[in-house]
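Okay, so here's the structure we're looking at.
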Amino acid sequence: MWSKPRGGAISISSVLGNTLGLKPNQLRRIEKLYTRRIPPNQILTAEFARQIAELSHETRRQIGVLIDRKGHIEYVMVGDNRRIELPDLKRIRVATGRFRGLRCVHTHLRGEDLSQDDLTDLALLRLDLMAAIDVDPETALPGLVRAAHLLPMHAGELHQVNSSEAYAFLEPRIPSQLDLDFLALINSLEEEMARNRRASQRAEIRERTILVSVITGPLSDGEESMAELSELATSAGVVVQDKIIQRRQAIDSRTVLGRGKLDELLIRALQLGADMLIFDRELAAAQVKSLSEATDLKIIDRSQLILDIFAQRAQSREGKIQVELAQLKYLLPRLITGQDSAFSRLAGGIGGRGPGETKLEIDRRRVRDRINRLEKEIEAQRQRRQERRKGRTRNGLPIVSIVGYTNAGKSTLLNTLTASDVRTEQRMFATLDPTSRRLRLPREQEVIINDTVGFIRDLPPDLLSAFRATLEEISESSLLIHLVDASNPRFVQQIESVERILRQLQLAEIPTVLALNKADLVDENTIQAVLRQITQEGTRDAVVISATDARSIEPLLEKAGAVLARNLTTRLFHEEDREAEQLSRIA
């Protein structure tokens with residue numbers, strides 16, 4: 001992109017856009033627009049409007065300029081008779097609470113209102129103002145001037161707002177009657193933007209996000225998934241400012257969203273001052289790159305969000321190692337030359353592409369080396385766990401593991417059963433480090449009961465792999481208590497997700513008791529409806545409990561004891577059969 005040096009000579013290349021076919025005289029007169037200066041407190045002058053209108057009428061093309069706040073013409077553009085294309089300003093983020101410091105003034109040959117392209121450019125380029133001058137087709141004189149600017153908005157005010165409501169439209173007037181103090185208007189808008197930002201900072205808002213879901217199936221599926229993504233974002237300490245769901249025939253391979261919806265998303269992000277976008281799917285490296293370039297915002301996908309939550313929650317050394325391993329495995333395929341602007345900036349000086357690539361290769365090698373070291377540490381931990389499990393096996397104590405969807409109440413149940421004080425919170429993945437306690441069941445059976453890491457739909461494969469050593473603790477279980485949040489409207493999908501993960505871990509053959517938790521949060525009719533829905537196929541049996549009420553847990557303990565006793569009887573029966581078979585062979 002070429003920028004005219006002030007006070008320097010003007011060349012033909014200084015006029016941007018569709019200059020092909022212009023006469024030399026017309027081009028010279030258009031170039032002279034660079035020499036004009038508009039009073040800073042005016043949008044434009046009547047004389048300037050007349051000059052640009054005459055040129056536009058004569059060439060039958062839209063002509064526009066970008067004017068800075070001192071009134072200097074920074075860019076002159078020529079379009080066709082329908083639209084004008086603004087220069088690529090790279091969408092460099094300007095200072096917080098400010099617009100770009102440029103206003104666009106251009107002509108319209110058909111007397112039309114500001115187009116959607118005009119408004120989109122206003123938002124995406126963060127311009128001070130967008131103004132269009134009507135050109136009279138008979139007299140070539142300027143007609144009405146139509147102008148709009150962006151509205152600063154508080155967080156949350158843009159929820160379900162139409163994109164047109166993101167702008168303030170000035171009353172159309174002829175150039176000589178434009179008496180608005182332009183600088184005063186811009187200063188007041190920026191002061192309001194700064195106040196909104198300060199209010200957010202006082203509220204200790206760390207990061208603000210818009211959640212994005214693009215689906216090809218039923219809208220109801222997208223809404224359910226979006227609700228869970230919102231819970232995840234809140235658990236990560238992120239403020240959710242807006243949510244966008246788009247249903248498409250196919251996912252855009254480059255930007256995921258369609259072009260129109262992406263423009264709408266960028267306008268909302270600008271208005272709300274969002275710091276990042278969180279997508280409800282795993283993004284390819286090329287998609288992250290395209291979205292980052294288009295929005296200049298941090299782009300996070302669902303897997304990365306879950307990994308971040310795990311990183312925040314990990315307390316033990318083992319948990320931290322597992323999370324770091326998962327993060328590095330997620331990062332490694334994304335360390336590709338040219339895919340990440342953060343790495344591409346490592347190239348130094350002119351012709352620095354080679355050194356940049358070398359630095360990237362060093363980074364990738366370091367990541368691989370670190371992954372190897374962490375995997376060895378996890379393997380050593382796995383061996384230690386096996387030794388501990390052997391010790392428990394020698395003591396002959398059955399192991400009961402509490403499994404379930406994240407935030408189902410597993411730690412609360414453990415605390416109530418064993419009078420423990422394991423940390424509990426009403427948020428996702430509050431527990432990452434498994435906890436084991438001894439418990440005596442009603443039938444005088446003593447067991448070891450485990451609290452485990454919560455599951456979630458589409459758990460990132462790298463995370464599942466990293467936590468496999470921890471999840472192996474479940475493999476030695478004699479019984480699983482599958483805890484379900486009965487108050488969650490998505491309980492059926494959550495049950496299916498947990499059962500799917502258990503199958504992936506080859507743990508589905510372990511006897512399981514289904515426990516419907518949080519019965520105190522729903523009425524009796526709802527509980528009965530949940531029971532019917534769960535047991536209608538005849539493959540599941542459920543116990544209704546409230547993990548905070550010890551008396552309600554008694555039926556669960558009775559059922560668990562009965563299952564363990566039955567398993568013990570079956571095991572003893574098989575052992576007697578094997579002993580009898582061995583004796584018969586000896587005889």
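The values are calculated or read from the model by the stated rules, or taken from the named source; none is laboratory data. Everything numeric in this text was worked out from a predicted model, so none of it was measured. All Cβ positions, glycine included, derive from the backbone under ideal geometry; neighbour counts span all protein chains shown.
Quick one: GLN383 ticks every box in (1) closer than 20 Å to PHE455 by Cβ; (2) of a type in the set (S, T, N, Q); (3) at pLDDT 80 or above bar one, so which box is it?
Only one criterion in (1) closer than 20 Å to PHE455 by Cβ; (2) of a type in the set (S, T, N, Q); (3) at pLDDT 80 or above is unmet by GLN383, namely (1).
What do you reckon, is ALA148 modelled with pLDDT of 90 or more, under 30 Å from VAL240 (Cα atoms) and surrounded by 15 or more Cβ atoms within 10 Å (Cβ to Cβ)?
Values: modelled with pLDDT of 90 or more: yes; under 30 Å from VAL240 (Cα atoms): yes; surrounded by 15 or more Cβ atoms within 10 Å (Cβ to Cβ): yes.
So ALA148 passes the test.
Would you check which residues across segment 167-181 are under 18 Å from PHE48 (Cβ atoms) and either under 37 Å from the mean Cα position of the chain (by Cα) or of a type in the set (Val, Ile, Thr) (or both) and list them? I'd like the intermediate steps shown before the answer.
Residues of segment 167-181 under 18 Å from PHE48 (Cβ atoms): 170, 172-181.
Those that are under 18 Å from PHE48 (Cβ atoms) and either under 37 Å from the mean Cα position of the chain (by Cα) or of a type in the set (Val, Ile, Thr) (or both): LEU170, ILE174.
Do you know which residues across segment 290-330 are part of a helix (DSSP H, G or I), more than 22 Å from ARG365 (Cα to Cα) and of a type outside the set (A, V, I, L, M, F, W, C)?
Passing the criteria: SER290, SER292, GLU293, THR295, ARG302, SER303, ASP308, GLN312, ARG313, ARG317, GLU318, GLY319.
Name the single residue that is farthest from the chain's Cα centre (by Cα) among those in segment 103-121 being surrounded by 21 or more Cβ atoms within 10 Å (Cβ to Cβ) and of a type in the set (Val, Ile, Thr).
Restricting to residues being surrounded by 21 or more Cβ atoms within 10 Å (Cβ to Cβ) and of a type in the set (Val, Ile, Thr), the top hit is THR107.
Name the one entry in LEU272, LEU277 that is under 12 Å from the mean Cα position of the chain (by Cα) and either buried (at least 22 other Cβ atoms within 10 Å of the Cβ) or modelled with pLDDT under 80 (or both). Walk me through it before giving the result.
Values: LEU272 fails: under 12 Å from the mean Cα position of the chain (by Cα).
Criteria check complete, one pass: LEU277.
Out of all the residues in segment 70-80, is one or more buried (at least 18 other Cβ atoms within 10 Å of the Cβ) and hydroxyl-bearing (Ser, Thr, Tyr)?
Yes, because at least one residue in segment 70-80 is buried (at least 18 other Cβ atoms within 10 Å of the Cβ) and hydroxyl-bearing (Ser, Thr, Tyr).
May I ask you to list the residues in segment 200-218 that are modelled with pLDDT of 85 or more and of a type in the set (Ser, Thr, Tyr)?
Correct list: THR209, SER213, THR216.
Can you pull out the residues in segment 239-263 that are of a type outside the set (Val, Ile, Thr), surrounded by 19 or more Cβ atoms within 10 Å (Cβ to Cβ) and either closer than 20 Å to GLU224 by Cα or not assigned by TED's automatic domain parsing to the domain that holds LYS289 (or both)?
Taking segment 239-263 first, the residues of a type outside the set (Val, Ile, Thr) are 241-243, 246-250, 252-254, 257-263.
So of that shortlist, the ones also surrounded by 19 or more Cβ atoms within 10 Å (Cβ to Cβ) come out as 241-243, 246, 257, 262-263.
GLN241, ASP242, LYS243, GLN246, LEU257, listed by residue number.
Which members of segment 280-312 meet the condition of being within 30 Å of THR452 (Cβ to Cβ), out of contact with any Ser or Thr (no Cβ under 8 Å at 6 or more places or on another chain), buried (at least 18 other Cβ atoms within 10 Å of the Cβ) and touching a residue at least 24 places away in the same chain (Cβ under 8 Å)? Even if it seems obvious, please write down each step before you answer.
Applying the first criterion (within 30 Å of THR452 (Cβ to Cβ)) to segment 280-312 yields 280-283, 300-312.
Filter once more, so that each one left must be out of contact with any Ser or Thr (no Cβ under 8 Å at 6 or more places or on another chain): 283, 301-308, 310-312.
Filter again for buried (at least 18 other Cβ atoms within 10 Å of the Cβ), leaving 283, 301-308, 310.
Those that are within 30 Å of THR452 (Cβ to Cβ), out of contact with any Ser or Thr (no Cβ under 8 Å at 6 or more places or on another chain), buried (at least 18 other Cβ atoms within 10 Å of the Cβ) and touching a residue at least 24 places away in the same chain (Cβ under 8 Å): LEU283, ARG302, SER303, GLN304, LEU305, ILE306, LEU307, ASP308, PHE310.
Out of ILE73, ILE84, I need the residue that is part of a loop (DSSP other than H, G, I, E, B) and closer than 18 Å to VAL15 by Cα. Which one? Don't jump to the end; show me each part of the working.
On the way: ILE73 fails: part of a loop (DSSP other than H, G, I, E, B).
Going through ILE73, ILE84 in turn, just one is part of a loop (DSSP other than H, G, I, E, B) and closer than 18 Å to VAL15 by Cα: ILE84.
Please determine, by comparing only the residues of segment 122-145 that are touching a Leu at 6+ places or on another chain (Cβ under 7 Å) and among the β-branched types (Val, Ile, Thr), which one is surrounded by the most Cβ atoms within 10 Å (Cβ to Cβ).
Filtering first and then ranking leaves VAL135.
State whether one or more residues within segment 318-336 are over 18 Å from SER465 (Cβ atoms) and modelled with pLDDT under 80.
Restricting attention to segment 318-336, the residues satisfying the condition of being over 18 Å from SER465 (Cβ atoms) are 335-336.
With modelled with pLDDT under 80 added as a condition, the list becomes 335-336.
Yes; the residues of segment 318-336 include at least one that is over 18 Å from SER465 (Cβ atoms) and modelled with pLDDT under 80.
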